[in-house]
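> Structure in structure tokens, see below.
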């Protein structure tokens, strides 16, 4: 681990993008327009499952300005990030309400939109698979008839031909069956929630043009510019070097902009009009249901303990509603299995995690990648187990916390270096929520105050070769420019990288220039900006680039100062002699090479480069799950205090607590804000959000009129955030990832607090007052 | 984005508006009046509404009146919900419309638009039903003043080419004790599971409801039950519920059973709030 000099790391430095955002001068992708820009609009399915008999575009062609109408016939192939099972435009049949069926390209957006409404599709309705439970039944109608023939893009995806199983991931650790018989206390419960959405403020938008040179230029709102290149190369046979992806500040992503949907459609649209630039942007309704959303889940968990309350066996069955296509849900299915126990030591684990096809909008990553969802189920089970054992919920968690020397469900060995300190997090959260005052307090006739706690862990299941690169270019004034393809999506990653550079080069923050834009042809390869991995991956790459630059600076300075490199040190905008810091040279005088008094020059510009790639990760064994899929676990504890009204079942969230061990915190202010944002997102998901389907699988609330989210003013009265900083040996200055963590425990903590308040087991989301009322009513029957 | 072209007219007098309507309609075009425009925009952009021409009523001075005139409170149809709430001219109406949509939308939504909403809620209706309001209507035969309850039969029943100019409420209604209750699924911003407005007049409760049935209403039968002082509060509510004018709505905002539960609570709250003022 690197020594800190105290220049920048650990300081609450203002975000680089703060002023422009506050001033409202940031431009997002959709804010740009150009003369001659063509516009595309989608024709979308009005059925959840139906055969396409024919598509009649006669009327649509009559709208002035229409240049092209494209159907699935133009590109009758399947694409996908894990399993290639999705045609960009439906072919033969539609599998969800809102699915793209055709694209209309016109001179103006309103013309394209009007024409899209006039494309007549003759559908023949098919039986709808409307829940994971229906999907799982033998003899259920099939969403995909030939799933066994789809191309696998990565390993660890196992579709089962002739069923609706898009993938099945198994964990078999120890001997669950035998141990289960020996358990003295057992609990088994089922949990569920529907698909929902990310609802990023910025809806998805893209512009694509195909130059006559063959270059495909893509401007888009994405977390994954290099994945777009991969997809366009893999499925559209475009040379990698000919694909240039630009992106700028992303207006919120939450995992929803990690996958690739819009860009291939806009590419097909541009191709259909001779390569002219085409813009395709989603309106909110499309962004909610046509674009990939957040998984639904039905989970059943059985936990068994010995007589001391130690968990000795756990069975976990996850039916993940991935909707019509697997997309990232296939990876989420795997992530849910590999961390299925939560941060508890369970020696005997049996887990079946199924990615289920249904006729719902398809799901992709959502901040936390399986963890908010599995943690809700695990933490509800822990509370119900504690009740059965008559043990305090925090004590039960402490007794069972996973420790160095234990193994994860995939049998990775836990070490002091690869995990945070769960016990410290629990203790600190206990203080912050004032747990010892009592979990449930009656404060007046019909008001109850109650607390709920949730502990969590998460490893980042990146690709085993996930990597990042960085280039540092020095200016003639001694300042530095960073080229790095980490995407700024509101998480503050650019500021964090600048802080790491400032710390390493011992330079002022204002000497470090970071551009928000990313251009895949100038910036080094970056896996993606997902999985809480950017501080770690890009941070290490940036450190390596700094070291390279320092070495170059010393080399040039050693010429200027006529001394050996080894005697030099870099800091404060100078390179100087260690034993005599007054003797040195300004970086600005050597940034573009050193010039002798006679005009001769040597060395040239200082250009540091660095890279980092994941080490020793492996896929998982098909039968047992054995493997090392992630580099480290960040852990934390969250807590909620609610005030619940016994008369009308409404509630107010009073306090939300996060205590996270994310290793060294590079910027305590942005980290705190990131936890608050995460809690807000998690609470919105837990308390309000869900798509509602009618019996035909049609989404009943595809608009923000009816799709409920927490509004400003409805956030917790008080947020309390604290960090335990057990440094990660591998991380930049000891940092681990923290990006997603604020979300993870919220649903569990809120459900635990409300279950305590209402004295019923609330095992389904969202936690609307009607659900509490209904559960209570059934309980009293 | 609205996917069709339409003509836009902004007349500055009532007669011009009526004339414009007739002229356009005689060309065989579909024409609509609007004021705030929030529903026109939001429904048009999802292809649930279309028109060849729109007539913006905001330029007509009579539609912008918001004042107390002699014994009457006069509220122009094109006055925004936020303006009505802020003026405190008719506090119950202000309270009721303040619960519609969100603050930004209420800067645009007008009372005329709310009364004519295509959605089932139209919460601005409730205080007007309680206050025996009158409405001034413009049409090609000229202006007429009608009882609001005659014009509002589950929805606004205006003839072709007619539009609402003003709402007239006797000033005394602004001084009665009142309560306005809105209960939603979760968020403060959302459609009502139950919205209730009530006043106490002559020791009697008057109550009107939105969100409960498929249209907003006030029911004499229900009020009779609520005012039956021979019964306990529970019995009064039970009786009132048995006299609902239509089935309780069952939709994605709330199930029928839960709505009924919320309605009972709301009625208890209303009776409790007004208990000093009713018998």
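> For residue A:726, are the conditions met, namely being at the interface with chain B (Cβ under 10 Å from one of its Cβ atoms) and touching a residue at least 12 places away in the same chain (Cβ under 8 Å)? Show your work before the answer.
Values: at the interface with chain B (Cβ under 10 Å from one of its Cβ atoms): no; touching a residue at least 12 places away in the same chain (Cβ under 8 Å): yes.
So residue A:726 does not fit the description; no.
> Please state which of the following conditions residue A:285 fails to meet, knowing it meets all the rest: (1) touching a strand residue (DSSP E or B) at 6+ places or on another chain (Cβ under 8 Å); (2) assigned by TED's automatic domain parsing to the domain that holds residue A:222.
(1)
So that you can scan it fast, the table gives a plain yes or no per residue for (1) over 30 Å from residue A:735 (Cβ atoms); (2) assigned to a loop (DSSP other than H, G, I, E, B):
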site: A:8; (1), (2): no, yes
site: A:14; (1), (2): no, yes
site: A:19; (1), (2): no, no
site: A:27; (1), (2): yes, yes
site: A:39; (1), (2): yes, no
site: A:53; (1), (2): yes, no
site: A:68; (1), (2): yes, no
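> All but one of (1) within 14 Å of chain B (Cβ to nearest Cβ); (2) touching a helix residue (DSSP H, G or I) at 6+ places or on another chain (Cβ under 8 Å); (3) without any contact (Cβ under 8 Å) to a residue 24 or more places away in the chain hold for residue A:760; which doesn't?
Among (1) within 14 Å of chain B (Cβ to nearest Cβ); (2) touching a helix residue (DSSP H, G or I) at 6+ places or on another chain (Cβ under 8 Å); (3) without any contact (Cβ under 8 Å) to a residue 24 or more places away in the chain, residue A:760 violates only (1).
> To continue, here is another question. Here are the criteria: (1) touching a helix residue (DSSP H, G or I) at 6+ places or on another chain (Cβ under 7 Å); (2) assigned to a helix (DSSP H, G or I). Tell me which single one residue B:100 does not satisfy.
Checking residue B:100 against (1) touching a helix residue (DSSP H, G or I) at 6+ places or on another chain (Cβ under 7 Å); (2) assigned to a helix (DSSP H, G or I), the one that fails is (2).
> Would you check if there is a residue in segment A:508-523 being within 21 Å of residue A:673 (Cβ to Cβ) and out of contact with any strand residue (DSSP E or B) (no Cβ under 6 Å at 6 or more places or on another chain)?
yes
> Which of the residues belonging to segment A:690-710 are at the interface with another protein chain (Cβ under 7 Å from one of its Cβ atoms) and within 11 Å of residue A:97 (Cα to Cα)?
A:700 - this is the single residue of segment A:690-710 that is at the interface with another protein chain (Cβ under 7 Å from one of its Cβ atoms) and within 11 Å of residue A:97 (Cα to Cα).
> When segment B:1-18 is examined, which residues are found to be away from every other protein chain (no Cβ under 14 Å), outside any strand (DSSP E or B) and without any contact (Cβ under 8 Å) to a residue 60 or more places away in the chain? Before the answer, list the steps.
To start, the set of residues in segment B:1-18 that are away from every other protein chain (no Cβ under 14 Å) comprises B:7-18.
Add one more test, that the residue is outside any strand (DSSP E or B), and what stays is B:10-18.
Within segment B:1-18, B:10, B:11, B:12, B:13, B:15, B:16 qualify.
> Next question, about the same structure. Which residue out of B:98, B:108 is under 19 Å from residue B:174 (Cβ atoms) and surrounded by fewer than 24 Cβ atoms within 10 Å (Cβ to Cβ)?
Numbers: B:108 fails: under 19 Å from residue B:174 (Cβ atoms).
Of the residues listed, the single one that is under 19 Å from residue B:174 (Cβ atoms) and surrounded by fewer than 24 Cβ atoms within 10 Å (Cβ to Cβ) is B:98.
> Wholly within segment B:137-188, which strands (runs of 3 or more DSSP E) include no fewer than the required count, namely at least 1 residues that are away from chain A (no Cβ under 14 Å) and loosely packed, with under 15 Cβ neighbours inside 10 Å?
Numbers: elements: B:142-147, B:163-170, B:177-184.
Correct list: B:142-147, B:163-170.
> Please work out which residue is surrounded by the most Cβ atoms within 10 Å (Cβ to Cβ), limiting yourself to segment A:18-39 and to residues that are more than 30 Å from the chain's Cα centre (by Cα) and in contact (Cβ under 8 Å) with a residue 60 or more places away in the chain. Steps first, answer last, please.
From segment A:18-39, those more than 30 Å from the chain's Cα centre (by Cα) are A:34-38; that's our starting set.
Pick out the ones that are also in contact (Cβ under 8 Å) with a residue 60 or more places away in the chain and you get A:34, A:36-38.
Working: A:34: 9, A:36: 7, A:37: 16, A:38: 26.
Top of the filtered list is A:38.
> Now a separate question. Can you tell me how many residues within segment B:19-34 are outside any helix (DSSP H, G or I) and touching a residue at least 12 places away in the same chain (Cβ under 8 Å)?
So the first thing to find is which residues in segment B:19-34 are outside any helix (DSSP H, G or I), and the list is B:27-34.
Now drop any that are not touching a residue at least 12 places away in the same chain (Cβ under 8 Å), which leaves B:29-34.
Number of matching residues: 6.
> For segment A:108-129, how many residues meet the condition of being more than 14 Å from chain B (Cβ to nearest Cβ) and either surrounded by 24 or more Cβ atoms within 10 Å (Cβ to Cβ) or not in a strand (DSSP E or B) (or both)?
The number of residues fulfilling the criteria is 4.
> Follow-up. Looking only at segment B:240-279, count how many residues are farther than 30 Å from residue A:704 by Cβ and within 14 Å of chain A (Cβ to nearest Cβ). If you could, list the steps in order and put the result at the bottom.
To start, the set of residues in segment B:240-279 that are farther than 30 Å from residue A:704 by Cβ comprises B:240-245, B:264, B:267-268, B:270-279.
With the extra rule that they be within 14 Å of chain A (Cβ to nearest Cβ), the set shrinks to B:264, B:267-268, B:270, B:272.
Matching residues across segment B:240-279 total 5.
> While we're here: Can residue B:210 be described as at pLDDT 95 or above, crowded, with 24+ Cβ neighbours inside 10 Å and more than 23 Å from residue A:694 (Cβ to Cβ)? Steps first, please.
On the way: at pLDDT 95 or above: yes; crowded, with 24+ Cβ neighbours inside 10 Å: yes; more than 23 Å from residue A:694 (Cβ to Cβ): yes.
Answer is yes for this residue.
> Then there is this: Which members of segment B:3-50 meet the condition of being under 26 Å from residue A:119 (Cβ atoms), more than 24 Å from the chain's Cα centre (by Cα) and buried (at least 19 other Cβ atoms within 10 Å of the Cβ)?
Passing the criteria: only B:3.
> So, residue A:681, is that one in a helix (DSSP H, G or I), buried (at least 23 other Cβ atoms within 10 Å of the Cβ) and within 14 Å of chain B (Cβ to nearest Cβ) or not?
Values: in a helix (DSSP H, G or I): yes; buried (at least 23 other Cβ atoms within 10 Å of the Cβ): yes; within 14 Å of chain B (Cβ to nearest Cβ): no.
Criteria not met by residue A:681.
> Going through A:625, A:663, A:713 one at a time, which residue ends up being surrounded by fewer than 16 Cβ atoms within 10 Å (Cβ to Cβ) and either within 11 Å of chain B (Cβ to nearest Cβ) or within 25 Å of the chain's Cα centre (by Cα) (or both)? First the steps, then the outcome.
Details: A:625 fails: surrounded by fewer than 16 Cβ atoms within 10 Å (Cβ to Cβ); A:663 fails: surrounded by fewer than 16 Cβ atoms within 10 Å (Cβ to Cβ).
After ruling out the rest, the residue left standing is A:713.
> Out of all the residues in segment A:488-519, which are within 29 Å of residue A:215 (Cβ to Cβ) and in contact with a helix residue (DSSP H, G or I) (Cβ under 7 Å, 6 or more places away or on another chain)? Break it down stepwise before answering.
Going residue by residue through segment A:488-519, those that are within 29 Å of residue A:215 (Cβ to Cβ) are A:488-489, A:493-494, A:497, A:513-519.
The answer is A:488, A:493, A:497, A:514, A:516, A:518.
> A follow-up question, please. I need the strands (runs of 3 or more DSSP E) fully contained in segment A:553-620, keeping only those with at least 3 residues that are within 30 Å of residue A:335 (Cα to Cα).
Values: elements: A:568-571, A:574-577, A:584-586, A:592-595, A:601-605, A:607-613.
Result: A:607-613.
> Pairs, please: C-beta under 7 Å, at least 6 apart or cross-chain, first residue at positive phi and in segment A:472-483, second modelled with pLDDT of 95 or more and in a strand (DSSP E or B)?
A:478/A:586
The values are calculated or read from the model by the stated rules, or taken from the named source; none is laboratory data. Just so we're clear, the structure is a prediction, and the values are computed from it rather than from any experiment. Methodologically, a virtual Cβ is constructed for each residue, glycine included, from the backbone with ideal geometry; neighbour enumeration extends over all protein chains shown.
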